[in-house]
Amino acid sequence: MHAIEKILAKAAGKEKVNTGEIVKAKVDFAEVNDIYLQTIYSFYEMGGKEVWDKDKLCFVFDHYAPAPTIRSAQNHKEMRQFARQQGLTNHFDVNAGVCHQVMPEAGHVWPGMILVATDSHTTTHGAFGAFGTGVGATDMATIMISGEIWFRVPEIIKIEINGNLKPGVMAKDVILHILGQLGADVAVYKAIEFCGSYVEELDVAERMVICNMAVEMGAKTAYMVPNHKVLQYIRARSSHIFAVPETDEDFQYAASYLFEVDELLPQVALPHSVENVVPINEVEQVRVDQAFIGACTGGRVEDIEAAVNILRGKKISPNTRLVIIPASNEVFLTANKRGYIKELVDAGATFSTPGCGPCLGAHQGVLAPGEVCVTASNRNFPGRMGSTEAEVYLASPATVAAGALKGVLSDPRSEQEGVK
Amino acid sequence: MKKMITGSAFLFGDNIDTDQIYPGRYLELVKPDEVAAHCLEGADPSFVKKMTSGDVVVAGRNFGCGSSREHAVITLAHAGVGVLIAESFARIFYRNAINLGLPLLVCPRITGRVKEGDIVEVDLHGGLVKNHTTSEEIQGEKLSDYMLEILQSGGIKPLFKKLTADM
C-alpha cells in the first residue's frame, strides 16, 4: 500500500484498502472557513445538535477578514455564536490569518492524519505528510455530526522532481511549470505524491506552495514524505504523537512523471487558466496595474522576503500598486521583526491584515474591468479577483515584485540583489 | 430523482471553474433563490434568462474545477438545471452535486455530439445520453450504486436525517 492508502485504512479501521473502494474515514481535524455559514444551516437541517468533538473542529475567518460588508459581518456573527454555543476549543477570528497557514502554525497538522476543510486548497497539508482534502458545506456538516466522511480510495500518481533551482526561481515556478506540462485535470479524482531530490531538501514553506497547487491539477490530496525540516516544524508546535506511514516498496503508481528543474526559468500562467503556462522570456510586454503577494499560496515570510530582495531601497512603478497580505499573524510579526514591512512600505507597498484578501475577489484590492494583475496567489480564472474583464497572471512572489518595480511583467532574475 | 431527464442543451467548454459558475463576489449570499440568480454568470451572463427548468448543461473536461464552494451546485440546482453532462467533473464539485441531489453524468465522448439547443434525454441508471435532435445515443459512465443511493434519496441530507433521528 501507499502511505496515503495506509492513512485511509487506519482512519477507516481496516487492515487494507484497495483503489476505487469507498471507505468511511474518521476525521482527525476539521476546519470551516467564513464563506461556509451554510454548513451550520445544513448541520441543523440534518438534525445535528452537538458537534462530534469540540476539540477537533474549528472555524477560521479568513476569506472576509475583517468583514467588508454587512452581509459578511452577519455571517461572521452567526458563526461566532455557533462556535461559542458549541464550546469549540479552537477559534480563529478575523485576527488570525489564512486557514492553511494558521492550522499548521497552531499545531493542528501532523503526518498520517486526516484533515478536512471547506476549502479546495486543503491539499496544502500534504507538505506535512497529512491527508488533507477539501469538501463543500454539506459534506462538512455530516462530519460535524458524525466525525466521519466517505472517501473513494484514489489512484495515486507520482511526480518526481529532481535538481536544484537557479537563484531567482522559486517553488511557485516549479508547480506552475508542472501544471503547464500536465494540465488542470491530470489528477482529477486522484492523489499526487511529490518526490525526488528537489522535494527531499525543500523547506516547509516551499513544500506548502507545491502541495497547495496540487488541487489546480484536480488532485483529491497531495503527499510528500515528511523531511527533517517538516518534522522539526511540527515538533515545535504540536504535542501530538504520530507515526509516519511508509509506502511499500512494491506499490504501483497509476502514472509517473519526471521533472528536472536545474534549468527552469521563472514561469507565468497567462489569463484565464492555471494550465496556460509559459516561461517568463516568452511573455510579451504586459502592463501591470496591480501586483499581489499573499494568500495560502504566496503569503509566507519567504515570499515577503523575496519581494524585499527585489524592492529594497527602491520604489515601485508609479503606474502600479503592490498589495501585500501576510498569510498569518505569525508571518506578519516575523516579517515586521526582520524589518521587511518597513522596507516594503518605503518601496510603496500597500499592506492589509492577514487573510485571503483579493485572491477570491472579495475585498482588499479587487480589480476593475480592463485591469491587469500579476499575483503570487493560485487562480487566474475569469472574475477570480474582481471584474470578469480583468486579466490575472500567476507567478512567483519574486516575479510579482519585479512586475511592481517595473510596471510591466519582468524577469525577477535581473532585479534580484546579488543575482545577475 | 427522476430516472429519465429530458431538456434543452446549453453548451460550455473545458475547465469551467467555480468562479465562472458562481463568482466569488456573491459568496456572502446564503439563500438559495438569491444564489440561483447568478448561475453560470461568469461564463454566460444571460444563461439564467435563457434557460428553463429541466434544461441540460453539457460541458467539456474538468467542469467545476477550482474552489470547494457549494454555491456552485446550489446555484445550478436552484436555477433549475435538470442534469449536468461533462467529459469529466472536478472532484469536490462532483461530491457536492451528489450530496445535494443534483444529477450528473460523466460522458467522455459527449463533446461534438450535442449542439446548443438539441433536445437530450439522460438515463442516469444506464449512464446513457440520447440526443433526440440527432437520434444519436452516447454511452457515458454509470454512477456507482453508492452515488445512486444518495441521489435517489434526494441527496445526503435526507439520509442523515434518518441517522440523527436514531441517535
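Between the helical axis of A:301-311 and the longest alpha-carbon principal axis of chain A there is an angle of about 10 degrees.
To the nearest whole number, what is the average tally of beta carbon atoms from other chains within 10 Å of the beta carbons of peptide A:32-38?
Whole-number average of other-chain Cβ neighbours for A:32-38 is 4.
Of the beta bridges in the stretch A:268-414, as assigned by DSSP with both residues counted there, near 20 percent are antiparallel. Peptide packing for A:136-148, B:32-44, A:52-64 was compared via the average number of neighbouring C-beta atoms within 10 Å per residue; ordered from the highest value, the list is A:136-148, A:52-64, B:32-44. If R0 equals 25 Å, the separation of the Cβ atoms of B:K3 and B:K115 corresponds to a calculated FRET efficiency of about 0.50.
For the ranges B:10-21, A:118-129, what's the packing order if you count other beta-carbon atoms within 10 Å of each residue, average per peptide, and put the highest first?
Numbers: B:10-21: 23.4, A:118-129: 29.6.
Top of the packing list down: A:118-129, B:10-21.
When the charge dipole of the stretch B:4-166 is built from unit charges on Cβ atoms (+1 for Lys and Arg, -1 for Asp and Glu) and taken about the Cα centre, the candidate among B:A165, B:Q152, B:G42 whose Cα reaches farthest toward its positive end is B:A165. Of the beta bridges in the protein assembly as shown, as assigned by DSSP with both residues counted there, near 30 percent are antiparallel. Sorting A:66-79, A:89-102 by their mean Cβ neighbour count within 10 Å, with the most densely packed peptide first, gives A:89-102, A:66-79.
Applying the Karplus relation 6.51 cos²θ - 1.76 cosθ + 1.60 with θ = phi - 60° to the stretch B:2-9 yields 3J(HN,Hα) values of 6, 6, 10, 10, 10, x, 8, 8 Hz, where x marks Gly and Pro. When all protein chains stay in place and ligands, DNA and RNA are ignored, the 1.4 Å accessible-area order of A:E105, A:E50, largest first, is A:E50, A:E105.
Using a 1.4 angstrom probe on protein heavy atoms only, the contact between A and B buries about 3900 square angstrom of accessible area, both sides summed.
Counting only Cβ charges, +1 for Lys and Arg and -1 for Asp and Glu, the dipole size of the stretch B:4-166 around its Cα centre is about 200 debye. Here's how it looks for A:V268: its modeled amide H is under 5 Å from those of A:V278, A:I280, which are all 5 or more places away or on a different chain. Between 0 and 90 degrees, the angle of helix A:3-12 with respect to the longest Cα principal axis of chain A falls at about 40 degrees.
For the pair A:W150 and A:Y41, the difference between a 0.36 nm per residue extended length and the Cα-Cα distance amounts to 37.2 nm.
Below 14 Å Cα-Cα, how many Lys pairs turn up in the stretch A:268-414? Only count pairs eight or more apart in sequence, or on different chains, if you could. So the count of such lysine pairs works out to 4. Cα gyration tensor of the stretch B:4-166, axes a ≥ b ≥ c as square roots of the eigenvalues: rounded (a/c below 1.5), prolate (a/b > b/c) or oblate? Since a/c reaches 1.5 but b/c is at least a/b, the shape of the stretch B:4-166 is classed as oblate.
Only the Cβ atoms of Lys and Arg (+1) and of Asp and Glu (-1) were treated as charged; on that basis the dipole of the protein assembly as shown about its Cα centre amounts to roughly 1200 debye.
Shielding of A:41-49 by partners, i.e. mean partner chain Cβ atoms within 10 Å per residue?
The shielding value for this peptide is 4.
Within the stretch B:4-166, antiparallel bridges make up roughly 50 percent of the DSSP beta bridges whose residues both belong there.
Spin-label model, A:R235/B:L148: points 7 Å from Cα along the beta carbon direction are separated by 5.3 nm. Rounded, prolate or oblate: which one fits the stretch A:91-174, using the alpha carbon gyration tensor with axes a ≥ b ≥ c (rounded when a/c is under 1.5, else prolate when a/b beats b/c, else oblate)? Oblate, since a/c reaches 1.5 and b/c is not below a/b. Residues whose amide H falls under 5 Å from that of B:S153, counting only those 5 or more places apart or on a different chain, are absent, with hydrogens built in the peptide plane.
Which whole number gives the average count of other chain Cβ atoms within 10 Å of the Cβ atoms across peptide A:254-266?
For this peptide, the per-residue mean of nearby foreign Cβ atoms is 0.
Nearest 500 deg cm²/dmol is fine: what mean residue ellipticity at 222 nm does the protein assembly as shown get from its DSSP H runs of n ≥ 4 alone, each adding -39,500 (n - 2.57), divided by its residue count?
-8500 deg cm²/dmol
Reducing the stretch A:247-273 and the stretch B:70-130 to their Cα centroids gives an inter-centroid distance of 31 Å.
With the dipole of the stretch B:4-166 worked out from charges on the C-beta (+1 for Lys and Arg, -1 for Asp and Glu) around the Cα centre, which of B:F63, B:V30, B:T75 lies farthest toward the positive end? Of the options given, the answer is B:V30.
Which of rounded, prolate, oblate describes chain A, given a ≥ b ≥ c as roots of the alpha-carbon gyration tensor eigenvalues and a/c under 1.5 marking rounded, otherwise prolate only if a/b is larger than b/c?
oblate
Could you compute the net charge surrounding B:A165? Neighbours are other residues with a C-beta less than 14 Å from the C-beta of B:A165; K and R count +1, D and E count -1. Taking every Cβ under 14 Å from that of B:A165, the sum is +2.
The values are calculated or read from the model by the stated rules, or taken from the named source; none is laboratory data. None of the values given here were measured: they were computed from a predicted structure. Every residue, glycine as well, gets a Cβ built from its backbone with ideal geometry; the counts of neighbours run over all protein chains shown. Calculation scope for accessible area: heavy atoms of the full protein, side chains included, ligands and nucleic acids excluded. Shrake-Rupley method; radii C 1.70, N 1.55, O 1.52, S 1.80 Å.
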